[in-house]
Amino acid sequence: MSLFAAIAFLLILARSIAELWLSQLNARHVRAHTNEVPLAFRGMIDNATYRRSVDYTLAKSRFGEVVTLFDAVLLISLLFSGVLPWAFGKFTAAFGTSVLAMAGFLFAIGVALSMVSLPFAWYAQFKLEDRFGFNTTALKTWVLDRLKGLLLAVLLGFPLLALVLKVIEWTGPNWWIWAATVVIAFQLLLLLIAPVVIMPLFNRFTPLPDGSLRERLFALARRTDFPTRSIEVMDGSKRSRHSNAFFTGFGRFRKIVLFDTLVAQLAEPELESVLAHEIGHYKKRHVMKLLGVSIAGVFIGFAAVAWLARQQWFYRAFGFEYHAGFAVANVVPAMLLFGLLAGTISFWFSPLLHIWSRRFEYEADAFARATMGNEQPLIQALRKLTEKNLSNLTPHPLYSGFYYSHPTLLERERALQPGA
Ligand SMILES: [Zn+2]
(Lines give C-alpha, C1' and ligand atoms only; values in the text may rest on other atoms or scores of the structure.)
Protein backbone atom coordinates (compact mmCIF):
# COMPACT_ATOMS: atom_id res chain seq x y z
CA MET A 1 0.00 0.00 0.00
CA SER A 2 1.44 3.35 -1.00
CA LEU A 3 1.71 6.22 1.47
CA PHE A 4 -1.24 8.00 -0.08
CA ALA A 5 -3.40 4.89 -0.09
CA ALA A 6 -2.65 4.59 3.63
CA ILE A 7 -3.62 8.24 4.16
CA ALA A 8 -6.89 7.74 2.25
CA PHE A 9 -7.60 4.65 4.33
CA LEU A 10 -7.00 6.61 7.54
CA LEU A 11 -9.21 9.47 6.32
CA ILE A 12 -12.10 7.06 5.74
CA LEU A 13 -11.54 5.44 9.12
CA ALA A 14 -11.26 8.79 10.91
CA ARG A 15 -14.56 10.05 9.53
CA SER A 16 -16.40 6.83 10.38
CA ILE A 17 -15.00 6.72 13.90
CA ALA A 18 -15.90 10.37 14.46
CA GLU A 19 -19.45 9.74 13.21
CA LEU A 20 -19.92 6.66 15.38
CA TRP A 21 -18.43 8.40 18.41
CA LEU A 22 -20.68 11.45 18.03
CA SER A 23 -23.70 9.20 17.54
CA GLN A 24 -22.91 7.18 20.68
CA LEU A 25 -22.22 10.33 22.68
CA ASN A 26 -25.56 11.75 21.63
CA ALA A 27 -27.46 8.52 22.30
CA ARG A 28 -26.01 8.27 25.83
CA HIS A 29 -26.95 11.88 26.48
CA VAL A 30 -30.51 11.27 25.30
CA ARG A 31 -30.84 8.06 27.33
CA ALA A 32 -29.65 9.84 30.45
CA HIS A 33 -32.70 12.14 30.17
CA THR A 34 -35.22 9.41 29.33
CA ASN A 35 -37.12 9.15 32.57
CA GLU A 36 -38.69 12.54 32.84
CA VAL A 37 -39.38 15.49 30.60
CA PRO A 38 -36.51 17.98 31.05
CA LEU A 39 -37.49 21.01 33.15
CA ALA A 40 -37.46 23.47 30.27
CA PHE A 41 -40.09 21.50 28.36
CA ARG A 42 -42.59 20.66 31.10
CA GLY A 43 -46.03 21.86 30.19
CA MET A 44 -45.05 21.93 26.56
CA ILE A 45 -44.85 18.22 25.89
CA ASP A 46 -46.49 15.28 27.70
CA ASN A 47 -44.58 12.30 29.04
CA ALA A 48 -45.74 9.82 26.40
CA THR A 49 -44.80 12.09 23.49
CA TYR A 50 -41.46 12.82 25.09
CA ARG A 51 -40.74 9.09 25.41
CA ARG A 52 -41.63 8.62 21.77
CA SER A 53 -39.23 11.39 20.75
CA VAL A 54 -36.48 9.64 22.72
CA ASP A 55 -37.26 6.29 21.05
CA TYR A 56 -37.36 7.94 17.62
CA THR A 57 -34.00 9.65 18.20
CA LEU A 58 -32.39 6.41 19.37
CA ALA A 59 -33.83 4.38 16.50
CA LYS A 60 -32.56 6.91 13.97
CA SER A 61 -29.15 6.96 15.57
CA ARG A 62 -28.86 3.12 15.51
CA PHE A 63 -29.88 3.12 11.85
CA GLY A 64 -27.39 5.90 11.10
CA GLU A 65 -24.60 3.86 12.70
CA VAL A 66 -25.39 0.86 10.49
CA VAL A 67 -25.32 3.10 7.40
CA THR A 68 -22.02 4.65 8.50
CA LEU A 69 -20.41 1.22 8.90
CA PHE A 70 -21.80 -0.02 5.60
CA ASP A 71 -20.60 3.07 3.74
CA ALA A 72 -17.10 2.74 5.18
CA VAL A 73 -16.84 -0.94 4.22
CA LEU A 74 -18.21 -0.21 0.74
CA LEU A 75 -15.81 2.68 0.16
CA ILE A 76 -12.79 0.74 1.40
CA SER A 77 -13.62 -2.25 -0.78
CA LEU A 78 -14.24 -0.06 -3.82
CA LEU A 79 -10.95 1.81 -3.43
CA PHE A 80 -8.62 -0.95 -2.34
CA SER A 81 -9.85 -4.10 -4.08
CA GLY A 82 -8.77 -2.98 -7.55
CA VAL A 83 -12.35 -3.25 -8.83
CA LEU A 84 -12.37 0.35 -10.13
CA PRO A 85 -9.28 0.14 -12.39
CA TRP A 86 -10.54 -3.28 -13.53
CA ALA A 87 -13.98 -1.88 -14.43
CA PHE A 88 -12.36 1.12 -16.11
CA GLY A 89 -10.16 -1.17 -18.22
CA LYS A 90 -13.12 -3.37 -19.24
CA PHE A 91 -15.24 -0.33 -20.03
CA THR A 92 -12.66 1.43 -22.20
CA ALA A 93 -11.86 -1.86 -23.99
CA ALA A 94 -15.54 -2.26 -24.86
CA PHE A 95 -16.63 1.33 -25.53
CA GLY A 96 -13.43 3.30 -26.15
CA THR A 97 -12.40 6.56 -24.50
CA SER A 98 -14.67 9.04 -26.26
CA VAL A 99 -16.38 11.74 -24.22
CA LEU A 100 -19.68 9.88 -24.39
CA ALA A 101 -18.10 6.59 -23.31
CA MET A 102 -16.33 8.25 -20.38
CA ALA A 103 -19.49 10.06 -19.30
CA GLY A 104 -21.22 6.69 -19.53
CA PHE A 105 -18.61 5.12 -17.25
CA LEU A 106 -19.00 7.77 -14.51
CA PHE A 107 -22.77 7.69 -14.89
CA ALA A 108 -22.91 3.89 -14.61
CA ILE A 109 -20.88 3.97 -11.39
CA GLY A 110 -23.15 6.67 -9.98
CA VAL A 111 -26.25 4.62 -10.78
CA ALA A 112 -24.69 1.46 -9.33
CA LEU A 113 -23.86 3.26 -6.07
CA SER A 114 -27.36 4.65 -5.73
CA MET A 115 -28.77 1.13 -6.32
CA VAL A 116 -26.67 -0.14 -3.42
CA SER A 117 -28.19 2.47 -1.11
CA LEU A 118 -31.79 1.65 -2.15
CA PRO A 119 -32.40 -0.98 0.57
CA PHE A 120 -31.40 1.58 3.21
CA ALA A 121 -33.71 4.21 1.75
CA TRP A 122 -36.50 1.63 1.70
CA TYR A 123 -35.86 0.62 5.30
CA ALA A 124 -35.72 4.24 6.49
CA GLN A 125 -39.09 5.02 4.91
CA PHE A 126 -41.10 1.83 5.38
CA LYS A 127 -39.67 0.54 8.65
CA LEU A 128 -38.18 3.38 10.68
CA GLU A 129 -40.44 6.29 9.72
CA ASP A 130 -43.41 3.93 9.61
CA ARG A 131 -42.86 2.67 13.15
CA PHE A 132 -43.23 6.23 14.48
CA GLY A 133 -46.25 7.01 12.35
CA PHE A 134 -44.56 9.40 9.94
CA ASN A 135 -44.63 7.32 6.77
CA THR A 136 -47.53 7.93 4.41
CA THR A 137 -45.72 6.92 1.22
CA ALA A 138 -47.34 4.21 -0.86
CA LEU A 139 -44.85 1.71 -2.26
CA LYS A 140 -45.99 2.71 -5.74
CA THR A 141 -45.15 6.40 -5.04
CA TRP A 142 -41.76 5.39 -3.68
CA VAL A 143 -40.89 3.30 -6.74
CA LEU A 144 -42.16 6.00 -9.10
CA ASP A 145 -40.04 8.61 -7.26
CA ARG A 146 -36.94 6.54 -7.88
CA LEU A 147 -37.79 6.05 -11.54
CA LYS A 148 -38.43 9.77 -12.00
CA GLY A 149 -35.11 10.51 -10.30
CA LEU A 150 -33.35 8.14 -12.68
CA LEU A 151 -35.10 9.71 -15.66
CA LEU A 152 -33.99 13.19 -14.54
CA ALA A 153 -30.43 11.90 -14.11
CA VAL A 154 -30.49 10.54 -17.66
CA LEU A 155 -32.04 13.68 -19.14
CA LEU A 156 -30.14 16.31 -17.12
CA GLY A 157 -27.21 14.72 -15.26
CA PHE A 158 -25.77 12.70 -18.11
CA PRO A 159 -25.71 15.56 -20.68
CA LEU A 160 -24.09 17.82 -18.06
CA LEU A 161 -21.44 15.20 -17.35
CA ALA A 162 -20.74 14.79 -21.08
CA LEU A 163 -20.54 18.57 -21.51
CA VAL A 164 -18.05 18.92 -18.63
CA LEU A 165 -15.85 16.22 -20.19
CA LYS A 166 -16.16 17.87 -23.61
CA VAL A 167 -14.93 21.11 -22.00
CA ILE A 168 -11.70 19.29 -21.07
CA GLU A 169 -11.15 18.47 -24.74
CA TRP A 170 -11.93 22.02 -25.82
CA THR A 171 -9.98 24.06 -23.31
CA GLY A 172 -6.86 22.14 -22.20
CA PRO A 173 -4.86 22.97 -19.05
CA ASN A 174 -7.33 25.49 -17.60
CA TRP A 175 -10.30 23.22 -18.24
CA TRP A 176 -11.36 23.25 -14.59
CA ILE A 177 -12.26 26.96 -14.67
CA TRP A 178 -14.52 26.38 -17.66
CA ALA A 179 -15.95 23.17 -16.28
CA ALA A 180 -16.81 24.86 -12.98
CA THR A 181 -18.44 27.73 -14.87
CA VAL A 182 -20.56 25.30 -16.89
CA VAL A 183 -21.70 23.45 -13.76
CA ILE A 184 -22.56 26.69 -11.95
CA ALA A 185 -24.51 28.02 -14.93
CA PHE A 186 -26.39 24.71 -15.00
CA GLN A 187 -27.14 24.94 -11.26
CA LEU A 188 -28.50 28.46 -11.65
CA LEU A 189 -30.68 27.38 -14.56
CA LEU A 190 -31.93 24.47 -12.46
CA LEU A 191 -32.82 26.80 -9.56
CA LEU A 192 -34.80 28.86 -12.01
CA ILE A 193 -36.71 26.05 -13.68
CA ALA A 194 -37.01 23.53 -10.83
CA PRO A 195 -40.22 25.04 -9.36
CA VAL A 196 -41.85 25.01 -12.78
CA VAL A 197 -40.49 21.85 -14.39
CA ILE A 198 -39.10 19.46 -11.79
CA MET A 199 -40.99 19.88 -8.53
CA PRO A 200 -44.43 19.36 -10.16
CA LEU A 201 -43.18 15.92 -11.26
CA PHE A 202 -43.13 14.86 -7.63
CA ASN A 203 -45.82 16.91 -5.91
CA ARG A 204 -49.04 18.73 -6.54
CA PHE A 205 -49.06 22.46 -5.84
CA THR A 206 -52.33 24.25 -5.32
CA PRO A 207 -52.81 27.95 -4.62
CA LEU A 208 -53.73 28.64 -1.03
CA PRO A 209 -57.55 28.88 -1.09
CA ASP A 210 -59.28 32.22 -0.50
CA GLY A 211 -59.90 33.01 3.11
CA SER A 212 -58.44 34.55 6.21
CA LEU A 213 -55.13 32.64 6.05
CA ARG A 214 -54.48 33.69 2.48
CA GLU A 215 -55.32 37.32 3.27
CA ARG A 216 -53.09 37.25 6.33
CA LEU A 217 -50.10 35.80 4.47
CA PHE A 218 -50.37 38.13 1.48
CA ALA A 219 -50.67 41.07 3.88
CA LEU A 220 -47.43 39.88 5.49
CA ALA A 221 -45.72 39.65 2.09
CA ARG A 222 -46.82 43.21 1.28
CA ARG A 223 -45.84 44.51 4.71
CA THR A 224 -42.35 43.06 4.38
CA ASP A 225 -42.05 44.10 0.75
CA PHE A 226 -41.54 40.51 -0.34
CA PRO A 227 -42.49 40.17 -3.99
CA THR A 228 -44.42 36.95 -4.41
CA ARG A 229 -46.96 36.03 -7.01
CA SER A 230 -48.33 33.00 -5.31
CA ILE A 231 -48.53 31.13 -2.06
CA GLU A 232 -49.03 27.45 -2.71
CA VAL A 233 -49.81 24.39 -0.67
CA MET A 234 -47.82 21.26 -1.45
CA ASP A 235 -49.19 17.77 -0.83
CA GLY A 236 -46.30 16.79 1.48
CA SER A 237 -48.70 14.41 3.23
CA LYS A 238 -48.40 12.18 0.16
CA ARG A 239 -45.07 10.99 1.55
CA SER A 240 -44.72 11.91 5.20
CA ARG A 241 -46.37 13.51 8.23
CA HIS A 242 -43.28 15.69 8.73
CA SER A 243 -43.94 19.35 7.93
CA ASN A 244 -42.04 22.20 6.33
CA ALA A 245 -42.23 25.50 4.47
CA PHE A 246 -39.91 27.12 1.94
CA PHE A 247 -39.78 29.55 -0.90
CA THR A 248 -38.33 28.72 -4.23
CA GLY A 249 -37.44 30.19 -7.60
CA PHE A 250 -36.23 33.61 -8.62
CA GLY A 251 -37.87 36.70 -10.04
CA ARG A 252 -41.24 36.05 -11.51
CA PHE A 253 -41.02 32.32 -10.75
CA ARG A 254 -40.75 32.88 -7.02
CA LYS A 255 -43.36 31.23 -4.91
CA ILE A 256 -43.94 30.49 -1.27
CA VAL A 257 -44.69 26.85 -0.56
CA LEU A 258 -46.34 25.50 2.59
CA PHE A 259 -46.64 21.77 3.22
CA ASP A 260 -50.27 20.75 3.73
CA THR A 261 -49.06 19.06 6.91
CA LEU A 262 -47.80 22.42 8.20
CA VAL A 263 -51.09 24.15 7.39
CA ALA A 264 -52.92 21.43 9.31
CA GLN A 265 -50.63 21.60 12.37
CA LEU A 266 -50.31 25.34 12.98
CA ALA A 267 -52.75 28.11 13.84
CA GLU A 268 -52.87 31.14 11.54
CA PRO A 269 -50.60 33.49 13.54
CA GLU A 270 -48.09 30.63 13.87
CA LEU A 271 -48.10 30.03 10.13
CA GLU A 272 -47.63 33.75 9.60
CA SER A 273 -44.61 33.73 11.90
CA VAL A 274 -43.07 30.76 10.05
CA LEU A 275 -43.54 32.60 6.79
CA ALA A 276 -42.05 35.75 8.34
CA HIS A 277 -39.01 33.63 9.26
CA GLU A 278 -38.70 32.41 5.66
CA ILE A 279 -39.01 35.97 4.35
CA GLY A 280 -36.28 36.90 6.85
CA HIS A 281 -33.92 34.50 5.07
CA TYR A 282 -34.66 36.31 1.83
CA LYS A 283 -34.40 39.81 3.27
CA LYS A 284 -31.08 39.10 4.97
CA ARG A 285 -29.75 37.74 1.66
CA HIS A 286 -29.03 34.31 3.14
CA VAL A 287 -29.97 32.57 -0.08
CA MET A 288 -27.45 34.61 -2.06
CA LYS A 289 -24.74 34.02 0.54
CA LEU A 290 -25.29 30.26 0.53
CA LEU A 291 -25.27 30.31 -3.25
CA GLY A 292 -21.91 32.11 -3.09
CA VAL A 293 -20.49 29.37 -0.87
CA SER A 294 -21.77 26.65 -3.15
CA ILE A 295 -20.22 28.40 -6.18
CA ALA A 296 -16.89 28.62 -4.35
CA GLY A 297 -17.25 24.92 -3.50
CA VAL A 298 -17.66 23.97 -7.16
CA PHE A 299 -14.52 25.91 -8.12
CA ILE A 300 -12.48 24.39 -5.30
CA GLY A 301 -13.71 20.92 -6.23
CA PHE A 302 -12.76 21.23 -9.89
CA ALA A 303 -9.41 22.83 -9.04
CA ALA A 304 -8.71 19.85 -6.80
CA VAL A 305 -9.62 17.36 -9.55
CA ALA A 306 -7.43 19.22 -12.06
CA TRP A 307 -4.51 19.13 -9.64
CA LEU A 308 -5.01 15.46 -8.72
CA ALA A 309 -5.25 14.57 -12.41
CA ARG A 310 -1.58 15.62 -12.71
CA GLN A 311 -0.35 13.53 -9.77
CA GLN A 312 1.07 10.17 -10.70
CA TRP A 313 1.10 8.98 -7.09
CA PHE A 314 -2.63 9.61 -6.80
CA TYR A 315 -3.41 7.25 -9.70
CA ARG A 316 -0.90 4.64 -8.59
CA ALA A 317 -2.27 4.62 -5.05
CA PHE A 318 -5.56 3.20 -6.33
CA GLY A 319 -4.21 1.02 -9.11
CA PHE A 320 -4.91 3.28 -12.09
CA GLU A 321 -2.41 3.81 -14.87
CA TYR A 322 -1.21 7.37 -15.20
CA HIS A 323 -0.83 9.15 -18.54
CA ALA A 324 0.29 12.76 -18.73
CA GLY A 325 -1.85 15.22 -20.66
CA PHE A 326 -5.45 16.36 -20.79
CA ALA A 327 -7.09 13.51 -22.67
CA VAL A 328 -10.51 12.93 -21.13
CA ALA A 329 -9.67 9.33 -20.25
CA ASN A 330 -6.73 10.57 -18.16
CA VAL A 331 -8.86 12.94 -16.10
CA VAL A 332 -11.83 10.62 -15.51
CA PRO A 333 -10.14 8.38 -12.87
CA ALA A 334 -9.19 11.50 -10.88
CA MET A 335 -12.80 12.69 -11.09
CA LEU A 336 -14.11 9.36 -9.89
CA LEU A 337 -11.62 9.05 -7.02
CA PHE A 338 -12.23 12.64 -5.97
CA GLY A 339 -15.99 12.00 -5.99
CA LEU A 340 -15.51 9.03 -3.68
CA LEU A 341 -12.99 10.65 -1.33
CA ALA A 342 -14.04 14.31 -1.12
CA GLY A 343 -16.53 13.58 1.67
CA THR A 344 -13.76 12.35 3.99
CA ILE A 345 -12.31 15.88 3.93
CA SER A 346 -15.43 18.03 3.62
CA PHE A 347 -16.90 16.19 6.64
CA TRP A 348 -14.48 18.08 8.90
CA PHE A 349 -15.52 21.43 7.46
CA SER A 350 -19.25 20.84 7.73
CA PRO A 351 -19.45 22.17 11.33
CA LEU A 352 -18.18 25.55 10.08
CA LEU A 353 -20.99 25.69 7.54
CA HIS A 354 -23.47 24.71 10.25
CA ILE A 355 -22.27 27.46 12.60
CA TRP A 356 -22.84 29.88 9.77
CA SER A 357 -26.24 28.43 8.92
CA ARG A 358 -27.36 28.59 12.58
CA ARG A 359 -26.46 32.28 12.64
CA PHE A 360 -28.79 32.73 9.65
CA GLU A 361 -31.57 30.98 11.57
CA TYR A 362 -31.17 33.39 14.51
CA GLU A 363 -31.30 36.33 12.11
CA ALA A 364 -34.43 35.00 10.41
CA ASP A 365 -36.03 34.40 13.84
CA ALA A 366 -35.21 37.97 14.88
CA PHE A 367 -36.72 39.24 11.64
CA ALA A 368 -39.89 37.24 12.31
CA ARG A 369 -40.12 38.61 15.86
CA ALA A 370 -39.74 42.19 14.62
CA THR A 371 -42.29 41.66 11.85
CA MET A 372 -44.86 39.98 14.10
CA GLY A 373 -44.39 42.54 16.88
CA ASN A 374 -43.67 39.83 19.46
CA GLU A 375 -42.00 36.44 19.78
CA GLN A 376 -44.96 34.36 20.94
CA PRO A 377 -46.37 33.09 17.61
CA LEU A 378 -42.97 31.86 16.45
CA ILE A 379 -42.19 30.22 19.79
CA GLN A 380 -45.55 28.45 19.71
CA ALA A 381 -44.93 27.35 16.13
CA LEU A 382 -41.45 26.03 16.92
CA ARG A 383 -42.73 24.13 19.94
CA LYS A 384 -45.53 22.51 17.99
CA LEU A 385 -43.21 21.55 15.14
CA THR A 386 -40.67 20.09 17.56
CA GLU A 387 -43.39 18.02 19.18
CA LYS A 388 -45.11 16.88 15.98
CA ASN A 389 -41.80 15.93 14.36
CA LEU A 390 -40.60 14.18 17.55
CA SER A 391 -37.38 16.19 17.37
CA ASN A 392 -34.66 15.39 19.86
CA LEU A 393 -35.12 17.79 22.78
CA THR A 394 -31.83 16.92 24.44
CA PRO A 395 -29.07 16.54 21.86
CA HIS A 396 -25.52 16.46 23.18
CA PRO A 397 -24.05 19.96 22.60
CA LEU A 398 -21.12 18.55 20.63
CA TYR A 399 -23.49 16.55 18.44
CA SER A 400 -25.84 19.43 17.66
CA GLY A 401 -22.84 21.75 17.25
CA PHE A 402 -21.39 19.43 14.66
CA TYR A 403 -24.46 18.39 12.68
CA TYR A 404 -27.32 20.82 13.23
CA SER A 405 -28.04 23.41 10.56
CA HIS A 406 -30.66 24.90 12.94
CA PRO A 407 -30.20 25.85 16.58
CA THR A 408 -32.05 23.63 19.07
CA LEU A 409 -35.49 24.67 20.27
CA LEU A 410 -34.09 25.84 23.60
CA GLU A 411 -31.39 27.96 21.96
CA ARG A 412 -33.92 29.56 19.62
CA GLU A 413 -36.35 30.30 22.44
CA ARG A 414 -33.60 31.90 24.51
CA ALA A 415 -32.53 34.10 21.61
CA LEU A 416 -36.14 35.09 20.96
CA GLN A 417 -36.88 36.24 24.50
CA PRO A 418 -37.31 40.01 24.84
CA GLY A 419 -34.02 41.66 25.64
CA ALA A 420 -32.04 38.78 24.13
ZN1 LIG B 1 -34.79 29.04 8.63
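Tabulated data for the structure shown
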read-out: Long-range neighbours under 7 Å by Cβ, at least six apart or interchain, first residue loosely packed, with under 14 Cβ neighbours inside 10 Å within the stretch 188-206, second of a type outside the set (A, V, I, L, M) and modelled with pLDDT under 90; value: Val196/Phe253
read-out: Some residue of the stretch 208-217 being free of Cβ contacts under 8 Å to residues at least 40 places away in the same chain, touching a strand residue (DSSP E or B) at 6+ places or on another chain (Cβ under 8 Å) and open to solvent by less than 40 Å² (accessible area, probe 1.4 Å); value: no
read-out: Set Val287, Val293: member being open to solvent by 50 Å² or more (accessible area, probe 1.4 Å) and within 12 Å of the ligand (Cβ to nearest atom); value: Val287
read-out: Some residue of the stretch 18-26 being in a helix (DSSP H, G or I), closer than 19 Å to Leu390 by Cβ and either among the charged types (D, E, K, R) or over 26 Å from the mean Cα position of the chain (by Cα) (or both); value: no
read-out: For Phe88: the one exception among (1) among the aromatic types (Phe, Trp, Tyr); (2) more than 28 Å from Gly319 (Cβ to Cβ); (3) in contact with a Pro (Cβ under 7 Å, 6 or more places away or on another chain); value: (2)
read-out: Checklist (1) out of contact with any Phe, Trp or Tyr (no Cβ under 8 Å at 6 or more places or on another chain); (2) away from the ligand (no atom under 16 Å from the Cβ) applied to Tyr322, failing item; value: (1)
read-out: Members of the stretch 305-328 that are in a helix (DSSP H, G or I) and surrounded by fewer than 16 Cβ atoms within 10 Å (Cβ to Cβ); value: Trp307, Gln312, Trp313, Arg316
read-out: Residue, most open to solvent (accessible area, probe 1.4 Å), within the stretch 17-35, restricted to residues that are charged (D, E, K, R) and over 12 Å from Leu393 (Cα atoms); value: Arg28
read-out: Positions within the stretch 342-370 being more than 18 Å from the chain's Cα centre (by Cα) and more than 14 Å from the ligand (Cβ to nearest atom), in sequence order; value: Ala370
read-out: Positions within the stretch 348-393 being of a type in the set (S, T, N, Q) and either buried (at least 20 other Cβ atoms within 10 Å of the Cβ) or assigned to a helix (DSSP H, G or I) (or both), in sequence order; value: Ser350, Ser357, Thr371, Gln376, Gln380, Thr386, Asn392
read-out: Unique match (being within 15 Å of the ligand (Cβ to nearest atom) and among the hydrophobic types (A, V, I, L, M, F, W, C)) among Leu337, Leu385; value: Leu385
read-out: Residue identified as of a type in the set (Phe, Trp, Tyr), open to solvent by 20 Å² or more (accessible area, probe 1.4 Å) and under 24 Å from Arg239 (Cα atoms) among Phe299, Phe259; value: Phe259
read-out: Among the candidates Leu409, Leu398, residue that is open to solvent by 50 Å² or more (accessible area, probe 1.4 Å) and closer than 29 Å to Phe132 by Cβ; value: Leu398
read-out: Those residues of the stretch 33-57 which are in a helix (DSSP H, G or I) and hydrophobic (A, V, I, L, M, F, W, C), in sequence order; value: Leu39, Ala40, Phe41, Ala48, Val54
read-out: Selection count, the stretch 268-283, where residues are acidic (Asp, Glu), away from the ligand (no atom under 11 Å from the Cβ) and closer than 15 Å to Thr228 by Cβ; value: 1
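The values are calculated or read from the model by the stated rules, or taken from the named source; none is laboratory data. In this text the structure is predicted, and so the values were computed from the model without any measurement. Virtual Cβ from ideal backbone geometry, glycine too; neighbours counted across all protein chains shown. Protein only, heavy atoms only, side chains kept; ligands, DNA and RNA dropped before computing areas. Shrake-Rupley method; radii C 1.70, N 1.55, O 1.52, S 1.80 Å.
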